[in-house]
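What follows is a single structure, written as structure tokens, with notes after it.
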Amino acid sequence: MDPRIKLVLGGALVVCLFSSVSTLRLGVIAGVWCLCALLARQSPIHLWRVLRLLKWLLLFSLLLHLFFTPGQTLFGVRWLSRDGLINGLCIDAQIILAVMFSLLISSTTTSEGLSSALVSVLAPLRLVKVPVQEIGAMFSMVLHFFPLLKAELLTLAPHKTHSGQPLLVRLKRWSEQLELVLLNLLDHGDDLARDIVDNRATFRVDAKPLSRQSLIVLLCGVMLVALIWLV
């Protein structure tokens, strides 16, 4: 699928996702994601690792609604809200689905393709003097920075040789490793900043028109989004 279509339809689905807390709509959008992931042959392992990082955010959101949303009580306990539990679960589902669609788009598209598609979609904003070209170049640099960040963070993994040492010693070793990682990230950040300055004027957008197949996919996607909006 053309990256421009992915961004447009993905953004539209996320808007539908957060525009209404409806279990039916959430179920339909989840089904759309499952179909897209199946066609793209995406493994759920990477998705599970990312969702594990969001566990505390999801738990906090659920507890916040459970304790502070007025409505019908749960199990006869005054400070537990049944409506809050349902709303909290729906909001957690919204967050999870938004992350899942973002991961699906990023894992099936190159960094250059995403940046070029973003600039192409935002091109009309040039009429109001929005620096679309610079935004695309910076977005591309940020996408290239994530693998570097992941590689540096992997060096913070605890070593087996430190397992038998006292806690203070292990904390000191870990802080030394963290300091080295931050210094390396600063160096990489400086290099990427220079690349932004050098490449923002030469950043080019693939402005070729959509093929007939892509137009058909876009039309079907717009119709699907419209139907989901009516759910």
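Under 5 Å from the amide H of Leu80 lie the amide H atoms of Leu74, each residue being 5 or more positions distant or on a separate chain, with H modelled from the backbone and absent for Pro and chain starts. Non-local lysine pairs in the chain, meaning eight or more places apart or on different chains, with alpha-carbon distances under 26 Å, amount to 8. Ranking His65, His144, Ser115 by how far each Cα lies toward the positive end of the dipole of the chain (charges on Cβ) leaves His65 at the top. From most to least packed by mean Cβ count within 10 Å, the peptides 220-228, 74-82 give 220-228, 74-82. Accessible surface area normalised per residue over the chain is 67 Å², counting heavy atoms of protein chains with a 1.4 Å rolling probe.
Sorting the segments 126-135, 39-48 by their mean number of nearby beta carbons within 10 angstrom, highest to lowest, gives 126-135, 39-48. In the chain the Cα-Cα distances spread across 10 Å bins starting at 0 as 7, 21, 27, 24, 16, 5, 0 percent of all pairs. The orientation-averaged shadow of the Cα convex hull for segment 1-124, equal to a quarter of the hull surface, comes to 9.1 nm². The charge dipole of the chain, taken about its Cα centre with unit charges on the Cβ of Lys, Arg, Asp and Glu (plus for the first two, minus for the last two), comes to roughly 560 debye. Here the mean projected area of the convex hull built on the C-alpha positions of segment 1-43 is 3.2 nm². Given a 1.4 Å probe and every protein chain left where it sits, what share in percent of the accessible area of the chain is carbon and sulfur? Carbon with sulfur: 70 percent of the solvent-accessible area.
The values are calculated or read from the model by the stated rules, or taken from the named source; none is laboratory data. Bear in mind that the values here come from a model prediction, so they are computed numbers and not experimental data. Cβ coordinates were reconstructed from backbone atoms using ideal geometry, including for glycine residues, and neighbour counts include every protein chain displayed. Surface areas here come from the heavy atoms of the whole protein model, side chains and all, with no ligands, DNA or RNA. Shrake-Rupley method; radii C 1.70, N 1.55, O 1.52, S 1.80 Å.
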